[in-house]
Amino acid sequence: MAKSGPDLPGSDAPVVPGREDLVTLNRSATVTRLVAGVFHELNNSLQVIGGLAELLQDTPGIPPSVADGLRRIHEQNAKAGVAIAEIMAFSRQKTDERDRVNMRDLTTRAVRLRTFATGRARLMIVYQPPKTGVVDVQGFANLLMQVVLNLIVNAEQALAGQQGGTIRVELESPAGWVVVRVSDNGPGIDPALADRLFEPFVTTRSRDESSGLGLAVAKQIAEQHGGTVMLEPTSAGACFTLRLPAAT
């Protein structure tokens, strides 16, 4: 009898982790604790750097060019601090429970998590969440966050090394649905790969840059929530949409 793959939370079949799964989970938990400790120390250092940069800006007789440099240091330091705070909050989240999820809040957090990385890559990320309207779904917040992050990172990889690269994240609520759309102005998708993008280990990047699992995992999570992840036709770049049933 063939061995079935692991089920996502919420499925009827029980999940029985094997020895390799337990080893992997233990290693992941250890790495998470180590990274959390590093981030804590790094955040302390950033606070010192930011504070000194702010104080030195007020030094009497300081050249304008030096003052401008200190201002930039302070601004970038603040951005790094926000990025670390967001990652720390994400890593501390407990195991998901199926609940009502506000996709406006979730998508905003996903964008914030990637803002520092996109800035370092000289990419622009544009996101203007709707201020009104209900954009709630029923599901697992951590899993849905993973889908949105996967789509954003996928766009980042497509724009690697491109001048003027822009990622657009949109949130819409057509009747009965909530849609997150992530598009980029990159080179687009090779038509030969378009029909296979959501298969495991299929990737447009090198193996060093991508495992080829991001879109496959995103598709599985979306379907487990009664939704879809699709590649939309577009005149330039690539556009992926996460479509989920709206909570009633």
If packing is taken as the average number of other Cβ atoms within 10 Å across a peptide's residues, how do 142-148, 118-124 rank, most packed first?
142-148, 118-124
Tell me the label-point distance for the pair A67, T234, using the 7 Å Cα-to-Cβ offset, in nm and rounded to one decimal.
4.3
Determine which residues of region 163-178 fall in the zone a paramagnetic label at T248 would reach in this model, i.e. backbone nitrogen under 19 Å from the point 7 Å along Cα→Cβ.
173-178
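Each value in this text was obtained by applying a stated rule to the coordinates, not by laboratory testing. Bear in mind the structure is a predicted one, so any value in this text is a computation, not a measurement. Cβ atoms come from the backbone with ideal geometry, glycine included; neighbour counts cover every protein chain shown.
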